[in-house]
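I have placed the structure first, in the form of structure tokens, so that the comments after it can refer back to it.
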Amino acid sequence: MTTTKYIAAAAVMVGLVLVGRWALGPPVGQRAAPDRVAAPRDAREVDPDAPPSDAASPILTCRYTPGEKLAFGFDTRDAIAAVPGGLLGEGAEGDDAQQADLRTDGHLDLFVMTVTPVGEAIAMGRVTDYRVQPPAAGDHDAWGRHVDRAFLLRLGRHCDVTDVARHRDTDVLSHLRVASVIDGLRFRAPAAAGLPPQRVALRDSLGAYRVRITHRPGPGRGALDLEPLGYPGGGGHGMTPRLLSGSGRVELGGATWFARLDVRQHVELLNQGKRAFDTRAQRRYVEAVPREGVFDDQPMNLSEYIWGPVPEDVLAQAHRDGRFAWLRGVPHDEAWKHYVALRDGGAPGAFFEAQALMRAWMAMNPEGVKALAQAMRDGAFDESAQSQIVLAMAKSGSPVAAAALRAMALDGALGENLRVQATSALADLRAPTADTVDALTRLASRGEGVSEHDLVGSTATMALGSLMRDHPGYAPVAEPARAYLERVLAEDDPVRLAEGLYAVGNAADEVFLPQIHALAGHVEPNVRAAAAHATRRMSREATAGLLGDLLREDPAPVVVEEIAMAHQEQLALTKGRLTGREISLYRTKLPSAPLKTRIEVVRTLGAVAPIQPEAQGVLAWWFHHETEAQVREMIGRFVPVDQLAVR
């Protein structure tokens with residue numbers, strides 16, 4: 001396979017998995033209860049099932065008729081760019097800025113087969129005239145051979161897509177292409193015109209997100225404005241999504257479902273607090289004329305269709321079988337040559353596809369993984385290559401690769417760098433086990449005393465916190481990891497206490513708040529700073545008092561820096577605000593703060609300056625006292641020029 005086709009397939013995968021934003025509801029036969037969140041201050045929560053307050057208001061719920069035909073033309077665009085240093089660290093080989101850009105268009109036909117007593121419809125759908133740009137992304141047989149197969153949709157009476165089903169003979173990867181097209185149709189109409197804005201919760205491949213929906217009067221049934229509000233709960237797969245911008249509009253017109261839909265969204269993904277990916281998605285659907293005979297040759301037996309999400313193991317196997325079956329039996333040195341050639345080919349998305357190739361090879365070649373691990377022990381790879389190999393090992397899902405990582409981490413005869421890389425990778429395992437936690441606990445405990453320079457041990461402690469965050473519901477992993485960190489936080493050694501608190505920052509579990517409060521008064525500034533750091537992914541409500549008291553009472557610059565950075569991450573996750581007390585305290589810290597501390601304070605105030613004039617005012621005031629050009633330049637990014645001119 002050529003490098004061009006490798007990268008084309010990567011563009012498809014990125015479009016479906018990271019930006020395609022596919023989410024599925026309950027199986028057919030189960031009613032989809034509206035998933036709602038607390039109402040914002042500027043809009044009260046509205047029950048979509050409640051009757052309209054004004055009997056004369058036109059009903060906006062969708063009404064379907066058996067035998068009815070619907071059709072839409074669609075065009076979509078998904079783009080994802082890697083941020084340099086976001087995955088493997090600054091300057092890591094292969095992690096330069098790369099982008100995958102996928103465009104599709106085609107025709108979607110729907111045929112309403114039946115309508116349930118509560119007004120929901122089961123419709124058969126089919127995509128035709130499907131085109132992919134760049135063309136190389138669409139001509140790979142494993143991705144596109146069944147795109148035109150029929151599928152089923154479950155349409156809610158509030159105009160929402162609640163489930164999708166694929167035919168049992170349809171290729172899984174082709175079905176995901178279709179699913180990404182259907183995913184763009186997600187919106188929820190209010191029960192009646194004239195209702196206040198509604199805020200509803202949905203879920204996609206990046207996590208749970210919120211959308212505010214407002215009805216606007218207009219021709220026919222009017223229109224809906226869709227305002228994405230962000231991802232309050234973070235994300236999965238070790239990534240935290242952060243909404244940068246988004247907008248959408250649905251023209252309801254007089255149609256059964258809708259007449260036109262346009263959606264745009266810009267999201268960045270954070271990897272352990274650092275920007276890793278920048279993603280942009282666009283969707284447009286326009287009502288079209290249904291085509292005759294489009295379902296004549298399609299299977300109509302509902303029992304032949306499979307509802308619900310594709311199981312992860314089935315999807316992983318489909319990816320491997322569809323694109324990388326030729327890797328089975330390939331020796332490790334030859335697989336590495338394929339990896340390097342693909343990674344260095346220069347095409348957009350090359351690094352991601354090279355990683356996918358290596359992970360697929362590892363999953364299919366357990367003996368090859370053992371040989372590769374031995375080659376790493378023998379020094380056959382430099383540090384950059386090692387970091388990429390251990391990343392692939394952690395994400396491959398191979399139990400042999402996981403065992404090899406544990407063995408390398410525990411082997412004191414190996415070089416420190418390889419052991420640190422292997423230890424860190426244990427936190428990224430897709431399916432960690434009790435053996436994983438046992439190995440990390442042994443490494444973190446190091447019985448001969450603690451050194452600030454013991455990178456393997458401290459990395460193991462950090463990894464235990466990450467496992468708690470990423471696998472909170474898996475008791476064999478989460479419970480022993482939590483128990484170990486609780487023991488660390490009860491020790492006397494300041495180095496161990498700080499290390500444990502930094503791991504708690506990775507865990508983001510508020511069960512540790514009593515220990516954090518206690519250690520916030522420790523005599524050592526580094527321990528107090530670590531206590532502030534531990535709150536960075538916790539809720540503002542639970543930590544505001546603690547951080548506010550620390551900010552008021554603690555003179556140590558390192559503590560103020562960690563408070564500021566904790567506030568930055570909390571604000572990014574919640575799109576929240578600083579309190580007036582916090583803004584005032586930051587103002588008092590600026591005159592005596594060293595350069596590094598001032599930079600973090602300015603960043604924190606700058607994060608809320610667009611929505612909090614008092615924060616902008618503090619920055620404008622400090623601009624005239626600041627002596628360092630780089631800080632003055634930062635302030636200039638947050639405060640309009642005309643305000644900076646006023647003393």
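Below 15 angstrom from the Cβ of Leu585, what's the summed charge of the other residues (Lys, Arg +1; Asp, Glu -1)?
Charge balance in the 15 Å sphere: -2.
Of Tyr474, Tyr502, Tyr339, which has the most accessible area with a 1.4 Å probe, and how do the rest follow in descending order?
Working: Tyr474 100, Tyr502 70, Tyr339 0 Å².
Result, largest first: Tyr474, Tyr502, Tyr339.
Pull out the extension gain between Glu383 and Lys596, defined as 0.36 nm times the separation in residues minus the alpha carbon to alpha carbon distance; nm, one decimal.
Result for the pair: 73.7 nm of gain on full extension.
Less than 10 Å Cβ to Cβ from Leu252, Lys/Arg counted +1 and Asp/Glu -1: what total charge do the surrounding residues give? Let's see the in-between values first.
Numbers: positive: Arg216, Arg221, Arg260; negative: Glu251.
Value of the local net charge: +2.
So for Glu292, Glu486, Glu68, what's the accessible-area order with a 1.4 Å probe, most first? Numbers along the way, then the final one.
On the way: Glu292 150, Glu486 70, Glu68 35 Å².
Reading off the accessible areas and sorting them downward yields Glu292, Glu486, Glu68.
Per-residue HN-Hα couplings for the stretch 214-225, Karplus 6.51 cos²θ - 1.76 cosθ + 1.60 at θ = phi - 60°, whole Hz, x for Gly and Pro?
Rounded to whole hertz, the list is 10, 8, 10, x, x, x, x, 8, x, 9, 10, 9.
Could you name the lysines whose alpha carbon sits less than 20 Å from that of Lys337, not counting residues in the same chain fewer than 8 places away?
Reachable lysines: Lys5, Lys370, Lys395.
In whole Hz, what ³J(HN,Hα) sequence does the stretch 108-114 give by Karplus (6.51, -1.76, 1.60; θ = phi - 60°), x for Gly and Pro?
Whole-Hz 3J(HN,Hα) from phi for the stretch 108-114: 10, 10, 10, 10, 6, 7, 7.
What is the distance in Å between the Cα centroid of the stretch 173-197 and that of the stretch 342-401?
Taking the Cα centre of each part, the stretch 173-197 and the stretch 342-401 sit 38 Å apart.
Normalising by the residue count of the stretch 227-370, find the relative contact order in percent from Cα pairs under 8 Å and 6+ residues apart.
13 percent
Top to bottom by accessible area (1.4 Å), largest first, where do Arg577, Arg199 land?
From most exposed to least exposed: Arg577, Arg199.
Would you work out the Kirkwood radius for the stretch 586-647? I mean one over the mean of 1/r across all pairs of different Cα atoms, in Å.
Kirkwood radius, the stretch 586-647: 11.3 Å.
Could you give log10 I(q)/I(0) at q = 0.13, 0.24 Å⁻¹ for the stretch 464-555, computed by the Debye formula over C-alpha point scatterers of equal weight, without solvent?
So the normalised log intensities are -0.39, -1.19.
Can you give me the distance in nm between label points at Arg275 and Ser445, each placed 7 Å from the Cα along the Cα-to-Cβ direction?
Once both label points are built, they end up 4.3 nm from each other.
Do any trypsin sites (Lys or Arg not before Pro) in the stretch 208-296 lie in a DSSP loop with no more than 16 other beta carbon atoms within 10 Å, and if so, which?
Arg291
What nm value, rounded to one decimal, do you get for the distance between Leu644 and Val340 when each label is placed 7 Å out toward the C-beta?
Each label point is offset 7 Å from its Cα along the Cβ direction, giving 4.8 nm.
Quick one: accessible area per residue over the stretch 425-565, 1.4 Å probe, rounded to a whole number of Å²? Kindly include the intermediate steps, with their values, before the conclusion.
Working: 5540 Å² over 141 residues.
With the other protein chains kept in place, the stretch 425-565 gives 39 Å² per residue.
Taking amide hydrogens as modeled 1.01 Å from N in the peptide plane, which residues meet the under 5 Å criterion relative to Val132, leaving out close sequence neighbours?
Placed amide hydrogens put nothing under 5 Å from Val132.
With every protein chain present, what accessible area does Ser458 have (1.4 Å probe, heavy atoms only), rounded to the nearest 10 Å²?
Counting only protein heavy atoms, Ser458 exposes about 30 Å² to solvent.
Can you list the lysines whose alpha carbon is less than 21 Å from that of Lys69, not counting same-chain residues fewer than 8 positions off?
Partners within reach: none.
Roughly speaking, what % of Cα-Cα pairs in the stretch 396-491 are separated by over 23 Å, rounded to a whole number?
18 percent
In whole percent, what relative contact order does the stretch 512-647 give with Cα contacts below 8 Å and a gap of six or more residues?
Averaging sequence separation for qualifying contacts and normalising by length gives 18 percent for the stretch 512-647.
Given the whole protein assembly as supplied and a 1.4 Å probe, what does the accessible area of Thr256 come to in Å², nearest 10?
40 Å²
Which whole-angstrom value gives the distance between the alpha carbon centres of the stretch 560-577 and the stretch 462-481?
When both Cα centres are located, 24 Å separates them.
Amide H to amide H, which residues 5 or more places from Gly222 or on other chains are under 5 Å from it, using H placed in the peptide plane?
Here Leu252, Gly253 satisfy the definition.
Find how many whole Å separate the alpha carbon centroid of the stretch 585-647 from the alpha carbon centroid of the stretch 64-84.
With the stretch 64-84 and the stretch 585-647 each reduced to a Cα centre, they are spaced 44 Å.
How big is the shadow of the Cα convex hull of the stretch 270-339, averaged over all directions, in nm²?
10.7 nm²
Calculate one ³J(HN,Hα) per residue across the stretch 288-296 by plugging θ = phi - 60° into the Karplus curve 6.51 cos²θ - 1.76 cosθ + 1.60, and present them in order as whole Hz with x for glycine and proline.
9, 8, x, 9, 7, x, 5, 9, 4
Could you pull out every residue, at least 5 positions away or on a different chain, whose amide H is within less than 5 Å of the one on Glu626? Hs are placed 1.01 Å off N in the peptide plane, and Pro or chain starts have none.
HN-HN under 5 Å from Glu626: empty list.
The values are calculated or read from the model by the stated rules, or taken from the named source; none is laboratory data. On a predicted model such as this, the values are computed, not experimentally measured, just so you know. Methodologically, a virtual Cβ is constructed for each residue, glycine included, from the backbone with ideal geometry; neighbour enumeration extends over all protein chains shown. Remember, those area values only see protein heavy atoms, side chains included, never the ligands or the DNA or RNA. Shrake-Rupley method; radii C 1.70, N 1.55, O 1.52, S 1.80 Å.
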